[in-house]
Amino acid sequence: MRLVLICLLAWAGSGPVVVRDVDGRSLSLLSPARGTSDLLFFVNTECPISNRYAPEITRICSEYRARGVNCVLVYPDTTTTAAMIGTHRQEFSFALGVPAVIDRNFTLTTAVDATVTPQAALYTPSGLAYRGRIDNLYANVGQARRTATTHDLREALDAVVVGKRAPVTETEPVGCSIERR
């Protein structure tokens with residue numbers, strides 16, 4: 001009986017999460033259609049580490065779009081507004097056409113178990129394929145390398161888009177803590 005209850009609880013949380021982006025479009029996330037993937041980037045307008053990753057996030061979204069990867073910027077914050085996100089996206093040259101979601105109630109943050117910004121979560125029709133850092137540019141907060149030497153997210157994406165399992169499914173992200181109020 002206990003095992004059945006645990007399985008039911010796990011199953012209940014595994015469906016899509018429907019949200020509205022800052023432009024009013026409805027998005028169904030975390031349960032993509034066959035042949036596609038959802039890639040969520042948890043970012044914050046005030047986090048310098050998150051902002052430093054803006055060019056790489058833009059490159060990843062641009063390069064993998066044609067391979068069925070749907071990127072979404074997720075702003076886990078109760079005070080961020082659509083206007084602030086518009087300014088942030090323009091100031092840091094985020095890719096056009098990448099939806100942005102304000103996660104005021106921390107629905108996506110909780111579903112993904114995101115803890116810092118920036119953090120990536122890659123979902124396939126089978127479920128969570130990768131969660132963690134984009135690369136190893138930061139060893140710790142305040143300790144950046146000149147360049148990244150491992151590209152964990154890209155390695156996961158390269159595997160997933162050809163139908164394979166990500167070589168590493170989880171890494172420890174480095175960034176600004178997500179403050180859930």
Per-region count, the range 115-130, residues surrounded by fewer than 17 Cβ atoms within 10 Å (Cβ to Cβ) and not in a loop (DSSP other than H, G, I, E, B)
1
Note: among 134, 85, just one is surrounded by 21 or more Cβ atoms within 10 Å (Cβ to Cβ) and in contact with a helix residue (DSSP H, G or I) (Cβ under 7 Å, 6 or more places away or on another chain), namely 134
Only one of (1) within 19 Å of residue 76 (Cβ to Cβ); (2) without any contact (Cβ under 8 Å) to a residue 60 or more places away in the chain; (3) among the hydrophobic types (A, V, I, L, M, F, W, C) fails for residue 178. Which number is that?
(2)
Name the residue that is farthest from residue 165 (Cα to Cα), counting only residues in the range 131-150 that are among the aliphatic types (A, V, I, L, M) and not in a strand (DSSP E or B).
141
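No lab work stands behind these numbers, since they all come straight from the coordinates. None of these values were measured; they are calculated from a predicted model. Note that we place each Cβ from the backbone using ideal geometry, even for glycine, and neighbour counts take in every protein chain shown.
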